[in-house]
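Participant: First the structure, which I've put down as structure tokens, then a few questions once you've had a look.
Computed from the coordinates by the stated procedures, all read-outs in this text should not be read as laboratory data. All figures in this text were calculated on a predicted structure; none of them were measured in a lab. Note that each Cβ is placed from the backbone with ideal geometry, even for glycine, and that neighbours are counted across all protein chains shown.
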Amino acid sequence: GYVMSSSICIFTHHYHPQLSGIGNFVDGLAHALTARGDRVVIVTTDSMRVGVGHSIENGLEVIRLPCISLLDGRLPLPKKNSDYYRLLQNLDDYEWNGVLINTRLFPLSLEGLKFAADHNIKAVVLDHGSAYLSFNQPLLDFFVRRYEDWITDRVKSFEPDFYGISSKSVEWLQHFNIAAKGVISNSINASFYRSISSGRDFRSELGIPQSSLVVAFVGRLIPEKGINSIIEAARAKDITKRDICFVLAGDGPLANEVKEACSSNLFWLGRCNTEDISSLLQQADVLCLPTRSEGFSTVLLEASACGTPAVVTDVGGARELIPDDSYGMIIQSMSSDEVVLALCRLFDDRELLSLQSRNSMALVENRYSWDATAIDVEKSFCIR
């Protein structure tokens with residue numbers, strides 16, 4: 001048959017419609033590779049019950065394998081029935097140049113490595129983490145860590161090339177004695193992201209004056225995202241005596257705490273769609289993300305695309321997007337004191353804030369495009 005410039009098979013345990021950073025990454029990357037003339041097939045699990053099978057979704061070829069969903073769909077286990085093997089056999093019809101496996105952490109990752117080994121295709125494992133997975137339950141976390149160590153050893157036994165989604169991920173892989181070959185970065189289509197705004201006017205909806213500094217948080221309401229630091233910061237005297245408001249978007253286990261903390265300077269929007277988040281980030285002055293761990297935070301990219309600088313802990317993506325204080329602020333811990341100090345500094349120095357806004361937008365438009373990431377993926381397989 002007709003051979004395009006190259007064919008890349010992407011394995012990912014999470015994909016649309018499941019909301020996840022990894023799903024968004026795979027989608028953006030696959031579209032960029034396709035636009036460059038590469039053939040792409042995405043192999044994923046049917047964790048959201050879309051339907052098992054081989055289909056074209058949004059212009060991309062997707063194979064959804066049967067699975068059992070554990071931990072709210074966070075851990076999909078392959079269901080190895082006749083459909084499972086029949087669908088994997090579809091992959092034998094192509095000449096592959098490479099297999100890209102997203103994260104080391106899932107049974108599907110091993111399936112991708114086995115497929116690459118059986119067909120003598122180069123395998124690349126792209127890691128999206130920068131710390132152990134955590135559910136903030138000590139007993140569960142203990143077993144999750146043991147599992148993570150076990151599956152990482154299994155992944156290493158295939159001897160793939162490893163890459164990290166950020167410099168933090170590359171550092172984290174050293175914990176497992178893995179020397180990564182480099183970074184394949186998360187990215188964003190900045191102008192498109194701005195264009196999808198729903199146009200909702202959150203200031204007038206919430207009754208926030210134009211003069212107020214609006215600080216946005218976007219993410220799941222879970223302890224490791226630093227929600228409690230934000231609640232404490234909103235109550236701090238240095239904040240309340242300044243005209244600073246917090247607007248939180250997202251849902252999760254800490255929703256009740258957030259609801260109870262709502263006040264004249266802290267608002268909660270609940271779960272918002274992508275269009276509303278784009279609108280919120282374009283209206284906010286600062287993004288606040290005092291999180292424990294990120295591989296390469298997508299919301300950091302989204303905020304930068306909107307010219308909204310971030311106050312963020314030193315997690316994955318932070319150093320890439322904030323090389324120095326003229327792009328945003330990296331704080332050294334999740335503590336509310338650090339959050340308060342950084343926000344007060346920006347409230348008092350509007351020139352610095354507008355410099356950060358211009359710089360962060362320019363950086364994302366120039367360096368963190370999907371095309372740049374697609375080229376890095378091609379290079380990792382020595383294509384072109």
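Participant: How would you rank 75-84, 39-48, 221-230, 8-17, highest first, on the average number of other Cβ atoms within 10 Å across their residues?
Facilitator: So the peptides 75-84, 39-48, 221-230, 8-17, ranked by packing, come out 8-17, 39-48, 221-230, 75-84.
Participant: Please state the shape class of the stretch 115-190: rounded when a/c is under 1.5, otherwise prolate if a/b exceeds b/c and oblate if not, all from the C-alpha gyration tensor.
Facilitator: It is oblate, given that a/c is not under 1.5 and a/b is not larger than b/c.
Participant: Tell me, what HN-Hα J-couplings in whole Hz come from the Karplus equation 6.51 cos²θ - 1.76 cosθ + 1.60 at θ = phi - 60° for each residue of the stretch 230-236, using x for Gly and Pro?
Facilitator: Result, rounded to whole Hz: 5, 4, 5, 4, 4, 8, 5.
Participant: Amide H of Gly98: which non-local residues (sequence gap of 5 or more, or other chain) have their own amide H closer than 5 Å, using H built in the peptide plane?
Facilitator: Distant-sequence amide H within range of Gly98: Ser7, Cys9.
Participant: Based on DSSP H runs of at least 4 residues, each adding -39500 (n - 2.57), what is the mean residue ellipticity at 222 nm of the chain after dividing by all its residues, to the nearest 500 deg cm²/dmol?
Facilitator: -12000 deg cm²/dmol
Participant: Here's something else I'd like to know. For the stretch 151-165, just list the computed ³J(HN,Hα) in residue order, Karplus coefficients 6.51, -1.76 and 1.60, θ = phi - 60°, integers in Hz, with x standing in for Gly and Pro.
Facilitator: 5, 5, 4, 5, 4, 4, 5, 7, 6, x, 7, 9, 10, x, 6
Participant: For the stretch 213-361, just say rounded, prolate or oblate: build the C-alpha gyration tensor, square-root its eigenvalues into a ≥ b ≥ c, call rounded for a/c under 1.5, and beyond that prolate if a/b exceeds b/c, oblate if not.
Facilitator: rounded
Participant: Here's another thing I want to ask about it. How many nm separate the modelled label positions at Ser5 and Asp251, each set 7 Å beyond the Cα in the direction of the Cβ?
Facilitator: Calculated label separation equals 4.2 nm.
Participant: For q = 0.07, 0.11 Å⁻¹, what log10 I(q)/I(0) does the chain give under the Debye formula with an equal point scatterer on each alpha carbon and no solvent?
Facilitator: -0.32, -0.79
Participant: Sticking with this structure for a sec: From the backbone phi of the stretch 32-44, what are the Karplus-calculated ³J(HN,Hα) couplings (6.51 cos²θ - 1.76 cosθ + 1.60, θ = phi - 60°) in whole Hz, Gly and Pro given as x?
Facilitator: After applying 6.51 cos²θ - 1.76 cosθ + 1.60, I find 5, 5, 4, 5, 8, x, 7, 8, 10, 10, 9, 10, 9 Hz.
Participant: Please list the non-local residues whose amide H lies under 5 Å from the amide H of Asp127, H modeled 1.01 Å from N, same-chain partners needing a gap of 5 or more.
Facilitator: Amide H neighbours of Asp127: Thr103, Tyr163, Gly164, Ile165.
Participant: What is the calculated FRET efficiency for Asn81 to Phe192, with r their C-beta to C-beta distance and R₀ = 45 Å, to the nearest 0.05?
Facilitator: 0.70
Participant: While we're here: Could you calculate the FRET efficiency of Arg203 with Ala362 from 1/(1 + (r/R0)^6), where r is the beta carbon distance between them and R0 is 30 Å, rounded to 0.05?
Facilitator: 0.70
Participant: Still on this structure, please answer the following. So who's got an amide H within less than 5 Å of the one on Val311, skipping anything under 5 residues away but keeping other chains? H placed 1.01 Å off N, in plane.
Facilitator: Leu287, Cys288, Leu289, Met329
Participant: Something else about it: Along the Cα→Cβ direction, 7 angstrom out, place labels at Lys122 and Ser157. What is the inter-label distance in nm?
Facilitator: Each label point is offset 7 Å from its Cα along the Cβ direction, giving 2.5 nm.
Participant: What FRET efficiency would be calculated for the residue pair Asp141, Glu57, taking the C-beta separation as r and a Förster radius of 41 Å, to the nearest 0.05?
Facilitator: Once rounded, the FRET efficiency stands at 0.75.
Participant: When DSSP beta bridges are limited to those with both residues in the chain, what percentage is antiparallel, rounded to the nearest 5?
Facilitator: Looking only at bridges with both residues in the chain, the antiparallel portion is about 20 percent.
Participant: May I pose another question? Let me make sure I get this right: for the stretch 141-181, a, b and c are the square roots of the gyration tensor eigenvalues over alpha carbons, sorted descending. Under 1.5 in a/c it's rounded, otherwise prolate if a/b > b/c, else oblate. Which is it?
Facilitator: The shape class here is oblate.
Participant: For the chain, what's the relative contact order in percent, using C-alpha pairs closer than 8 Å and at least 6 residues apart?
Facilitator: 14 percent
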